[in-house]
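The values are calculated or read from the model by the stated rules, or taken from the named source; none is laboratory data. Predicted, not measured: the structure shown is a model, and the values here were computed from it. Cβ: placed from backbone, ideal geometry, glycine included. Neighbour counts: every protein chain shown.
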Amino acid sequence: MSVLKIVAGKYSAEQTERAVLEYMADKEALFAILPWDPWNTDVVSWYRTGALPTAQVVDPYGTIPTGDTSGSIVKNKVSMLAMNVDVYDFEINATKTIIDRAQEKTLAGSEAIVRKFKHLFINGDSTANPLEFDGLRKWIDASRVVPTAANGSPISFDLLDRLIDMFPDGPPDAIIVHPRTYLSIKALLRTAYTTPPDLMLPNFGRAVLSYDGIPILKNEYIPTNLTKGTGTDLTEVYAVRLGINHVCGVYLEGMGRAGGVQIENIGRLPDVAATRFRLTWSVSMKVSNVWDVAKIEGITN
């Protein structure tokens, strides 16, 4: 697939911007189901609801109490992910395929940018690095954590059930785990099924592992060096409700109408026999409500 309009000249501007995301949706289950919300400022702000309010049975002729709909305005910055890619004249002359070589190198650069988003989606921390948006780990409320034993616990059906039970209005849309935990869940499912259950995701084209009808997605950037008590090298398991008003990705609308990685021909380098291309993607994420995300802490496998 061509992702570089200025070199290949095969796609419209909008198709060019979307090409990388569509390519990654074929490779990464997260991008097949993660919704995207366009934004037009460098800071994403929204009203983040807190605990679910409680309604009362009242006297139809009496006073109606006011529910406690707690919440606050929160913000998350938009981060620019970027890199330059240089295509050298020597490569062009050696391969005689400038379009293929440019495609190859810019696609690799685009994948690096998308992988960086996967990392920030989990670990982004604006306190540690002011250039980063806050990722999933920063948006999990203490009330939404499924505890494990004093020094951590292996993944189990009970822990997964308790994680799902954190969503009283319906199951989460996805469970996100480190690849090592993915294999552990697959082995666990084999104790109950000859073939572990899976399901097809829209726009993905192949089946993924599932539990209780919920897709299990892999993210290799989930930490595996956490501690609890004397337990070390622990990890976490997340569950999310996806949607524009739940957990979603955000892209800066002015930097690309379709939200994809932008690729620009910067031109010839002054001191090197090469042409430079610049790749940029301005992105963030939202977790609209406290109850849109939960986790299991201290997983040993």
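Of all residues in segment 72-95, which are at pLDDT below 85 and either of a type in the set (Val, Ile, Thr) or surrounded by 15 or more Cβ atoms within 10 Å (Cβ to Cβ) (or both)?
Matches in segment 72-95: GLU91, ILE92, THR95.
Could you list, in sequence order, the residues of segment 127-183 that are of a type in the set (Val, Ile, Thr), surrounded by fewer than 21 Cβ atoms within 10 Å (Cβ to Cβ) and in a helix (DSSP H, G or I)? Quick ask: steps written out before the conclusion?
Quick first cut of segment 127-183, residues of a type in the set (Val, Ile, Thr) only: 127, 140, 145-146, 148, 155, 164, 175-177, 181.
Adding the requirement that they be surrounded by fewer than 21 Cβ atoms within 10 Å (Cβ to Cβ) leaves 127, 140, 145, 164.
Across segment 127-183, the qualifying residue is only ILE164.
With respect to the numbered conditions (1) in contact (Cβ under 8 Å) with a residue 24 or more places away in the chain; (2) assigned to a helix (DSSP H, G or I), which one is the sole condition not fulfilled by ALA108?
Result: ALA108 passes all but (1).
Can you tell me how many residues within segment 116-147 are of a type in the set (Val, Ile, Thr) and either touching a Ser or Thr at 6+ places or on another chain (Cβ under 8 Å) or without any contact (Cβ under 8 Å) to a residue 12 or more places away in the chain (or both)? Before you say what the answer is, go through the steps one by one.
Just the residues of segment 116-147 that are of a type in the set (Val, Ile, Thr), to begin with: 122, 127, 140, 145-146.
Now narrow it down to the ones that are either touching a Ser or Thr at 6+ places or on another chain (Cβ under 8 Å) or without any contact (Cβ under 8 Å) to a residue 12 or more places away in the chain (or both): 127.
Number satisfying all stated conditions: 1.
Which of the residues spanning segment 204-239 are touching a residue at least 12 places away in the same chain (Cβ under 8 Å), under 14 Å from PHE31 (Cα atoms) and either over 13 Å from the mean Cα position of the chain (by Cα) or assigned to a strand (DSSP E or B) (or both)?
PHE204, GLY205, VAL208, PRO215, ILE216, LEU217, LYS218
Could you please find all residues in segment 111-126 being assigned to a loop (DSSP other than H, G, I, E, B) and acidic (Asp, Glu)?
The one that is assigned to a loop (DSSP other than H, G, I, E, B) and acidic (Asp, Glu): ASP125.
Assess whether GLU17 counts as being at pLDDT 55 or above, in contact with a strand residue (DSSP E or B) (Cβ under 9 Å, 6 or more places away or on another chain), outside any loop (DSSP other than H, G, I, E, B) and more than 24 Å from ASP169 (Cβ to Cβ).
On the way: at pLDDT 55 or above: no; in contact with a strand residue (DSSP E or B) (Cβ under 9 Å, 6 or more places away or on another chain): yes; outside any loop (DSSP other than H, G, I, E, B): yes; more than 24 Å from ASP169 (Cβ to Cβ): yes.
No; evaluated as a whole, the condition is false for this residue.
Every residue in segment 282-301 that is part of a strand (DSSP E or B), farther than 30 Å from GLN262 by Cβ and of a type in the set (S, T, N, Q), please. Break it down stepwise before answering.
So the first thing to find is which residues in segment 282-301 are part of a strand (DSSP E or B), and the list is 282-287, 289, 293-299.
Narrowing the set further to residues that are farther than 30 Å from GLN262 by Cβ leaves 289, 294-299.
Within segment 282-301, just ASN289 meets the criteria.
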